[in-house]
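*Asks:* Handing you this structure, nothing more for now.
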Amino acid sequence: MDTRQHPFWFIFALLAAFLTACGTKETQDDGHTSGNINSLVVVMSDPLWNGEVGDSLRKKLAAPVDGLPQEEPLFNINQYAPRFLDDFRNAPRNLVIVKEQKEADFRIEHDEYASPQITVHLSGTPEDIIGTLELNADSIIRVFKAGEINASIRNMEPHRLDDTHIRKKFGVTLAVPGDYKYAMKRRNFVWLKRDVMSGSSSLLIYKVPLRSIQKGPDIARNIIRARDSVGRLYIHGRARHSRIITEESYAPYFLSTTLCGRRAYETKGTWELRNDFMNGPFINYAIIDRKRRRCLIVEGFCYAPSAQKRDMVHELEASIRSLRIIEKE
């Protein structure tokens with residue numbers, strides 16, 4: 001079946017089953033830690049939680065996620081009193097322990113009570129703890145996010161999609177949940193999608209010449225041009241002349257990063273259908289692969305008008321970050 005000949009809305013059929021199967025469910029790692037994806041357990045006294053320390057912690061760790069059409073927190077936070085540490089029946093994968101004491105202390109421990117687990121310790125006077133959060137919130141967020149990406153990749157591995165076609169076409173491996181299907185295969189383009197009750201989640205893989213991304217100083221604009229060109233070719237709506245484009249009302253978030261040992265550019269924002277009424281978030285990685293004289297682009301986007309989208313985008317990002325380039329002999 002050629003998906004190009006079918007309306008865009010059909011590709012977004014059936015969401016509820018997806019939300020049950022996606023990242024919002026509780027996960028159990030091999031090392032006997034557990035917890036919902038993008039959730040933290042915070043152990044601290046009620047007075048600290050209800051005061052300025054708790055406010056500061058929520059401001060940092062529950063800040064809105066960049067690039068989503070509606071505000072959703074970086075992490076869902078569950079607070080428990082210190083006695084919680086006396087009995088780890090289900091050790092949390094992500095743990096923050098806050099203690100009020102005379103001496104200030106900040107450290108990040110791995111696998112302290114179980115494995116895999118990340119534990120952040122924050123101690124001192126309330127002023128010390130707030131100051132430590134101000135200085136170290138970004139690094140704390142990066143550590144927790146990296147851990148959640150790895151947890152999601154581990155969850156995909158037992159039942160991942162057969163990526164033989166992707167290996168042959170692009171020379172890469174990619175961990176994708178097994179319920180995705182190949183929606184379209186073209187010479188330099190692959191579309192994977194998962195249809196659910198009232199929406200869908202998609203992964204695109206395509207390559208473009210290096211010069212099309214690195215031409216001129218505005219790499220971010222070049223990446224947007226590339227993704228809009230792909231939308232013009234392959235991803236259309238039910239209305240005549242409708243196609244997927246980068247939403248023009250909000251500037252996408254753009255970041256220089258690395259992926260599989262190569263320079264890459266991360267772009268996050270929202271897409272919309274020109275001449276139609278659909279939209280949603282996307283996350284795009286453009287990987288500079290000089291050995292093959294190409295820019296490999298892997299993008300995830302989803303449509304879920306009545307659902308929260310943080311964990312959907314997180315799962316897409318985990319698949320993208322699992323990518324590994326098969327080195328030639």
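The values are calculated or read from the model by the stated rules, or taken from the named source; none is laboratory data. None of the values given here were measured: they were computed from a predicted structure. All Cβ positions, even for glycine, are placed from backbone atoms using ideal geometry, and neighbour counts span all protein chains on display. Side chains are part of the model used for accessible areas, which takes the heavy atoms of the whole protein and leaves out ligands, DNA and RNA. Shrake-Rupley method; radii C 1.70, N 1.55, O 1.52, S 1.80 Å.
*Asks:* Across the range 194-227, what is the total count of residues that are modelled with pLDDT under 95, touching a Leu at 6+ places or on another chain (Cβ under 8 Å), open to solvent by 20 Å² or more (accessible area, probe 1.4 Å) and not in a loop (DSSP other than H, G, I, E, B)?
*Replies:* Total meeting the criteria: 2.
*Asks:* Continuing with the same structure: Kindly check whether there is at least one residue in the range 87-101 that is under 29 Å from M312 (Cα atoms) and open to solvent by 70 Å² or more (accessible area, probe 1.4 Å).
*Replies:* Looking for residues that are under 29 Å from M312 (Cα atoms) and open to solvent by 70 Å² or more (accessible area, probe 1.4 Å), one finds at least one in the range 87-101, hence yes.
*Asks:* Here's another thing I want to ask about it. If I filter the range 187-202 for residues that are over 19 Å from P305 (Cβ atoms) and basic (K, R), do I get at least one hit?
*Replies:* yes
*Asks:* Cβ-Cβ distance below 7 Å, separation of 6 or more or different chains: which pairs start in the range 47-62 with a residue that is hydroxyl-bearing (S, T, Y) and end on one that is open to solvent by less than 20 Å² (accessible area, probe 1.4 Å) and not in a loop (DSSP other than H, G, I, E, B)?
*Replies:* From residues that are hydroxyl-bearing (S, T, Y), the pairs are S56/L133.
*Asks:* Which members of the range 106-123 meet the condition of being in a strand (DSSP E or B) and open to solvent by less than 50 Å² (accessible area, probe 1.4 Å)?
*Replies:* Correct list: I118, T119, V120, H121, L122, S123.
Here's the yes/no breakdown for (1) out of contact with any Asp or Glu (no Cβ under 7 Å at 6 or more places or on another chain); (2) open to solvent by 10 Å² or more (accessible area, probe 1.4 Å); (3) touching a residue at least 24 places away in the same chain (Cβ under 8 Å):
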site: L255; (1), (2), (3): no, yes, no
site: T270; (1), (2), (3): no, yes, yes
site: L296; (1), (2), (3): no, no, yes
site: F301; (1), (2), (3): yes, no, yes
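*Asks:* Restricting to the range 184-193, count the residues that are part of a strand (DSSP E or B) and closer than 16 Å to V172 by Cβ.
*Replies:* So the answer is 5.
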